[in-house]
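To start, the structure itself, in structure tokens.
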Amino acid sequence: QVQLVESGGGLVQPGGSLRLSCAASGSIFSINDMAWYRQAPGKQRVLVASILNGGSTNYGDSVKGRFTISRDNAENTVYLQMTSLKPEDTAVYYCKAGIISTMLSGSGDYWGQGTQVTVSS
């Protein structure tokens, strides 16, 4: 019905930058909130940033001033620009989207498969 595909992860040195992308496709009528979460080994998945359809954003305290979330509503895509990366940013990053589906009972929250971000020298 709906798929979210992430891209842009990889290995980067401390202080470097990466840009993650997440494209939603399938039986989509509209998308409400879109968000990025991350999960480090042995830890719970936590919110990194979120953005509403109208553009309002929210950030986790640990990434404020370093990460920027944005979205392209025409392309059903959400981005996460990450700068001044630190080793503690190392995690699997997941995107989530609140989907209003064109299919009966297809609406709800959908998750991507995750993309690894490793910050290391």
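The values are calculated or read from the model by the stated rules, or taken from the named source; none is laboratory data. None of the values given here were measured: they were computed from a predicted structure. Here the Cβ positions follow ideal geometry from the backbone for every residue, glycine too, while neighbour counts run over all protein chains shown. These area figures cover heavy atoms from the full protein model, side chains too; ligands, DNA and RNA do not enter into them. Shrake-Rupley method; radii C 1.70, N 1.55, O 1.52, S 1.80 Å.
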- Message: When you check Gly65 against the structure, is it open to solvent by less than 70 Å² (accessible area, probe 1.4 Å) and in a loop (DSSP other than H, G, I, E, B), yes or no?
- Response: no
- Note on the structure: Those residues of region 89-117 that are open to solvent by less than 40 Å² (accessible area, probe 1.4 Å) and under 23 Å from Ser62 (Cα atoms) come to a total of 13
- If the Cβ limit is 7 Å and pairs must be 6+ apart or interchain, which residue in region 84-101 that is farther than 13 Å from Val117 by Cβ pairs with which residue that is not in a strand (DSSP E or B)? Ser84/Gly15; Ser84/Arg66; Ile99/Ser107; Ile100/Ser107; Ser101/Gln1; Ser101/Ser27; Ser101/Ser107
- Identity of the residue in region 27-46, among the aliphatic types (A, V, I, L, M) and within 9 Å of the chain's Cα centre (by Cα), that ends up nearest to Met82 (Cα to Cα): Ala35
- Task: Taking the options Leu20, Leu47, Leu4, name whichever one is surrounded by 13 or more Cβ atoms within 10 Å (Cβ to Cβ), in contact with a Leu (Cβ under 7 Å, 6 or more places away or on another chain) and under 16 Å from Gly114 (Cα atoms).
- Result: Leu20
